[in-house]
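Down below is the structure, laid out as structure tokens.
The values are calculated or read from the model by the stated rules, or taken from the named source; none is laboratory data. Quick caveat, the model's predicted, so the values are computed rather than measured. Using ideal geometry, Cβ is built from the backbone for each residue, glycine included, and neighbour counts are taken over all protein chains shown.
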Amino acid sequence: MQEQLKFRCTIMRGGTSKAVFFKRNELPQEPELRDRIILAVFGSPDLRQIDGLGGSDITTSKVAIIGPPTREDADVDYNFGQVHLTQAKVIWNSNCGNISAAVGPYAIDEGMVIPQEPYTTVRVHNVNTQKILIERVETKDGNAVVSGDYVLDGVPGTGSRIDLDYKMTYGSATGKLLPTGNPVDTLHVPGVGDVTVSIVDIANSVCFVKAADIGITGHESRPEIAADQKLMDKLEAIRAAAALRCGFIQEGECAADVSPLRPMLSFVAPAEDYADYASGKIIRKEDLDFLARIMYNQMPVETYTGTGTICTTVAAMIDGTVVNQVCGPNPRKTGIVRFGHSRGINSVEVEVENLPEGPVVRKATIPRTARRIIGGSGQGQRGRQAPGALRDPILIPTFCIKAIGPPGWVSLICRKTWGRGTCISRASTESTHPAR
């Protein structure tokens with residue numbers, strides 16, 4: 001019996017995140033076995049993910065499974081998974097807006113949709129939320145264009161702009177744009193007290209709180225947030241209370257275990273000058289409408305989540321929400337909402353009609369960029385087992401990566417040593433880089 005089995009995968013950057021992409025028909029359909037393979041690919045559970053493709057960060061420990069559409073109003077199905085760093089599990093109950101940006105280009109390049117020039121419209125059915133999002137992808141010679149002049153803060157260089165329209169994704173987790181029916185609510189948070197919040201559900205569910213109400217400024221950097229355990233605990237306590245209010249957990253359940261991704265938690269503040277902590281670049285308040293930071297999977301995000309960006313900017317246009325209260329007046333005039341995150345600015349075209357019966361989202365379009373980094377095949381050993389994984393035989397992927405560089409093609413052979421044996425596999429892959 002052949003010791004190793006081969007399967008295809010692609011690594012793509014979407015927005016400010018990265019994911020391993022699989023075609024649905026090339027993974028086992030049985031969920032438990034599928035998830036074991038994915039965990040092995042990423043090297044989870046291990047905080048460093050040293051034995052896999054995960055980058056030891058929540059923004060790079062993501063998987064996307066793409067297949068033919070199961071709905072007539074879609075071109076492709078897209079199932080998103082958040083691969084846990086320290087637990088042997090993949091979370092499938094929410095979407096990632098950044099990785100969504102790579103779905104259209106991937107589908108075009110893989111021949112899953114018919115390309116049109118100069119732009120191809122791809123209708124993406126997000127399986128996790130059962131919602132449709134529309135992507136507009138620049139296309140040339142039958143392929144998605146990578147190079148362009150659009151700057152996405154948090155990503156080096158520039159790229160071709162991809163527009164994602166999320167207006168039809170309201171109620172993705174709860175069935176309603178305002179899950180509680182109110183623009184603001186008061187939550188009683190054990191150990192914290194009464195906290196005024198807004199819970200909004202479009203693209204993803206997010207609980208918003210004013211930074212000033214929890215004793216912070218709103219322009220804290222990711223390292224500052226992560227280093228303050230008392231603040232981290234307070235933010236998670238507020239998020240847990242919101243999860244209970246939304247019905248994601250029951251009384252007495254631990255939100256971090258039962259519902260680690262829903263809702264996200266964001267704190268907001270009026271616009272002011274601050275510095276990108278990594279580059280030192282000054283972000284000017286005149287270029288912003290407000291400040292926002294977001295927690296995802298109990299950790300602060302380096303930039304800002306894509307779906308969280310949609311939800312935050314829509315919340316800014318809903319009368320009475322805490323985001324609306326800190327937002328400047330310009331979005332009502334321009335139709336563009338701009339907020340500052342730890343590394344720069346996110347900008348979204350938003351139109352919300354505030355009707356007596358409730359707000360209606362007319363437009364919610366976020367620009368992103370995406371790039372195929374590596375596409376090829378991996379190999380898995382039969383019968384080898386990752387530490388902390390289930391006991392049944394699983395496939396352990398090994399990769400040979402060819403990367404383009406000035407000296408030419410360079411082959412990197414990756415070893416996998418688990419149990420008593422060592423395996424070295426060779427699998428041809430291709431790394432593509434746009435012209436710089």
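So, in the stretch 63-87, how many residues would count as being under 19 Å from Arg262 (Cα atoms), in contact with a helix residue (DSSP H, G or I) (Cβ under 6 Å, 6 or more places away or on another chain) and surrounded by fewer than 24 Cβ atoms within 10 Å (Cβ to Cβ)? Matching residues across the stretch 63-87 total 1. Within the stretch 349-362, no residue that is in the same structural domain as Thr309 (by TED's automatic domain parsing) and more than 14 Å from Tyr170 (Cα to Cα) sits with its Cβ atom under 9 Å from a residue that is surrounded by 13 or more Cβ atoms within 10 Å (Cβ to Cβ) and at pLDDT below 95 at 6+ positions apart or across chains. So how many residues does the stretch 84-95 have that are out of contact with any Ser or Thr (no Cβ under 6 Å at 6 or more places or on another chain) and closer than 12 Å to Ser172 by Cα? Qualifying residue count, the stretch 84-95: 2. In the stretch 234-248, the residues that are under 15 Å from Thr180 (Cβ atoms) form Cβ pairs under 8 Å with partners that are of a type in the set (Asp, Glu) and part of a loop (DSSP other than H, G, I, E, B), at six or more places apart or across chains, as follows: Leu244/Glu251.
For the stretch 256-266, the condition of being of a type in the set (A, V, I, L, M), surrounded by 22 or more Cβ atoms within 10 Å (Cβ to Cβ) and either more than 24 Å from the chain's Cα centre (by Cα) or not assigned by TED's automatic domain parsing to the domain that holds Lys234 (or both) holds for none of the residues.
When the test is whether a residue is on the phi > 0 side of the Ramachandran plot, touching a residue at least 60 places away in the same chain (Cβ under 8 Å) and surrounded by fewer than 23 Cβ atoms within 10 Å (Cβ to Cβ), Gln298 passes it.
A quick yes/no check of all residues on (1) β-branched (Val, Ile, Thr); (2) within 17 Å of Ala316 (Cα to Cα); (3) free of Cβ contacts under 8 Å to residues at least 12 places away in the same chain; (4) in a loop (DSSP other than H, G, I, E, B):
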residue: Arg136; (1), (2), (3), (4): no, no, no, no
residue: Val146; (1), (2), (3), (4): yes, no, no, yes
residue: Asp153; (1), (2), (3), (4): no, no, no, yes
residue: Asp163; (1), (2), (3), (4): no, no, no, no
residue: Pro183; (1), (2), (3), (4): no, yes, no, yes
residue: Thr196; (1), (2), (3), (4): yes, yes, no, no
residue: Thr217; (1), (2), (3), (4): yes, no, no, yes
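Could you please find all residues in the stretch 108-134 being among the hydroxyl-bearing types (Ser, Thr, Tyr) and outside any loop (DSSP other than H, G, I, E, B)? Listed by number, the residues that qualify are Tyr119, Thr120, Thr121. Scanning the stretch 151-188 for residues that are within 19 Å of the chain's Cα centre (by Cα) and among the hydrophobic types (A, V, I, L, M, F, W, C) gives Val151, Leu152, Val155, Ile162, Leu164, Met168, Ala173. Please count how many residues of the stretch 175-184 are surrounded by fewer than 19 Cβ atoms within 10 Å (Cβ to Cβ) and either closer than 20 Å to Ser259 by Cα or acidic (Asp, Glu) (or both). Final tally of qualifying residues: 3.
Yes/no per residue for (1) among the β-branched types (Val, Ile, Thr); (2) closer than 20 Å to Ser342 by Cβ; (3) out of contact with any helix residue (DSSP H, G or I) (no Cβ under 9 Å at 6 or more places or on another chain):
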residue	(1), (2), (3)
Gly193	no, no, yes
Asp201	no, no, no
Cys207	no, yes, no
Pro223	no, yes, yes
Ala242	no, no, no
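Scanning the stretch 275-287 for any residue that is touching a Phe, Trp or Tyr at 6+ places or on another chain (Cβ under 6 Å) and crowded, with 24+ Cβ neighbours inside 10 Å turns up nothing. Name the one entry in Ala88, Ala102 that is touching a Pro at 6+ places or on another chain (Cβ under 7 Å), in contact (Cβ under 8 Å) with a residue 40 or more places away in the chain and under 27 Å from Glu26 (Cα atoms). Going through Ala88, Ala102 in turn, the sole match is Ala88. Among the residues of the stretch 316-348, those that are in contact (Cβ under 8 Å) with a residue 60 or more places away in the chain and assigned to a loop (DSSP other than H, G, I, E, B) comprise Ile318, Asp319, Gly320, Thr321, Ser342, Arg343.
Somewhere in the stretch 66-74, is a residue among the polar types (S, T, N, Q) and in a helix (DSSP H, G or I)? No: the stretch 66-74 contains no residue that is among the polar types (S, T, N, Q) and in a helix (DSSP H, G or I). Only a single item in (1) at pLDDT 95 or above; (2) farther than 17 Å from Val352 by Cα; (3) polar (S, T, N, Q) is not met by Gln298, and it is number (1).
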